[in-house]
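In what follows, a structure is listed as structure tokens, so that the remarks can point back to it.
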Amino acid sequence: MKKNTIKRISLWSGPRNISTALMYSFAQRLDTKVFDEPLYAYYLRNSNAKAYHPGAKDILATMENDGNSVVDMMLKSNEKPVLFFKNMSHHLLNLDYSFMKQMTNVILTRDPLEMLPSFAKVIENPSLDDVGYKLHVDLIAYFETHQIKYVVLDGKNLLLNPEGVLRQLCEKIDIPFDHAMLSWAPSKREEDGIWEKYWYKSVHESSGFGVYESKSEIFPKHLNPLLLQCQSYYEQLKALALS
């Protein structure tokens, strides 16, 4: 990483993709400050998701609701040499994507066979717009059209080989790998969004990336139509992911 420059990393994730664990990983770096879903209130304000997302009222009351103001914050923050913004791709809504030219963009995905049942434990009947797969493919098309570099991560690969994948990621985004990224103390973090009580129990109990285990529970039948919608998009993302 060049001296006297700030690396602004924007993670574009879907829900339940181990994005919070990745945020905790980056938070262990002494050169890094992390931000937890700064566009969440903008998304809730401008979508019907506020009707079914837990804690929506509190999120809207305590966070910046204006998306352009959030983008401005991401581009102007300068507290540490590395800034890591954990974002959800569906939080973008109708924002102008051009700011991404000034960001280091990382897409995080996960097999919908594993992600959808986990998400449905909190949001019972999600739609394609809730889970990010098509939005990630659309985002990649934008990056390709505008010659914006990006990296794709698959949560499974990260769990199977945390150090190997993180080393590749750090090389791709031009920051030094730090062994501290591999573990943390089981606890909450001050950067956690106020929605942590609905979503973060497992990461609060963790001390690092968990060992990958394939799901043994039966896939919920009511999610089968959504699974079919997601699978072709996921296969495109999987093919691009760091191995």
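The values are calculated or read from the model by the stated rules, or taken from the named source; none is laboratory data. If you're wondering where the values come from, they're calculated on a predicted model, not measured in any experiment. We place every Cβ from the backbone using ideal geometry, glycine too, and count neighbours over all the protein chains shown. Just so you know, the surface numbers come from the protein's heavy atoms only, side chains and all, with ligands and any DNA or RNA stripped out. Shrake-Rupley method; radii C 1.70, N 1.55, O 1.52, S 1.80 Å.
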Matching residues in segment 98-113 (assigned to a helix (DSSP H, G or I) and crowded, with 19+ Cβ neighbours inside 10 Å) number 2
- Query: Restricting attention to segment 187-196, does a residue exist that is in contact with an Asp or Glu (Cβ under 7 Å, 6 or more places away or on another chain) and of a type in the set (Lys, Arg)?
  - Reply: yes
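Every residue, every condition in (1) open to solvent by less than 30 Å² (accessible area, probe 1.4 Å); (2) part of a helix (DSSP H, G or I); (3) under 26 Å from Leu39 (Cα atoms), yes or no:
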{"site": "Val152", "(1), (2), (3)": "yes, no, yes"}
{"site": "Leu159", "(1), (2), (3)": "no, yes, no"}
{"site": "Val165", "(1), (2), (3)": "yes, yes, no"}
{"site": "Cys170", "(1), (2), (3)": "yes, yes, yes"}
{"site": "Val211", "(1), (2), (3)": "no, no, no"}
{"site": "Glu217", "(1), (2), (3)": "no, no, no"}
{"site": "Leu223", "(1), (2), (3)": "yes, yes, no"}
{"site": "Ser232", "(1), (2), (3)": "no, yes, no"}
{"site": "Lys238", "(1), (2), (3)": "no, yes, yes"}
When every residue in segment 138-150 that is touching a strand residue (DSSP E or B) at 6+ places or on another chain (Cβ under 8 Å) and open to solvent by 50 Å² or more (accessible area, probe 1.4 Å) is compared, the one nearest to Pro112 (Cα to Cα) is Tyr150
Yes or no: Ile123 farther than 15 Å from Tyr234 by Cα, open to solvent by less than 50 Å² (accessible area, probe 1.4 Å), in contact (Cβ under 8 Å) with a residue 60 or more places away in the chain and not aromatic (Phe, Trp, Tyr)? yes
Among Lys188, Lys149, the single one that is among the basic types (Lys, Arg) and touching a residue at least 40 places away in the same chain (Cβ under 8 Å) is Lys149
Note on segment 172-184: residues of a type in the set (Phe, Trp, Tyr) and either in a helix (DSSP H, G or I) or buried (at least 16 other Cβ atoms within 10 Å of the Cβ) (or both) are Trp184
Note on segment 31-52: residues over 30 Å from Asp174 (Cβ atoms), open to solvent by 20 Å² or more (accessible area, probe 1.4 Å) and not basic (Lys, Arg) are Asn46, Ser47, Asn48, Ala51, Tyr52
Restricted to segment 191-206 and to residues being without any contact (Cβ under 8 Å) to a residue 60 or more places away in the chain and open to solvent by 70 Å² or more (accessible area, probe 1.4 Å), the residue farthest from Arg167 (Cα to Cα) is Lys201
Expected single match for more than 15 Å from Gly193 (Cβ to Cβ), modelled with pLDDT of 95 or more and open to solvent by 10 Å² or more (accessible area, probe 1.4 Å) among Glu79, Glu64 is Glu79
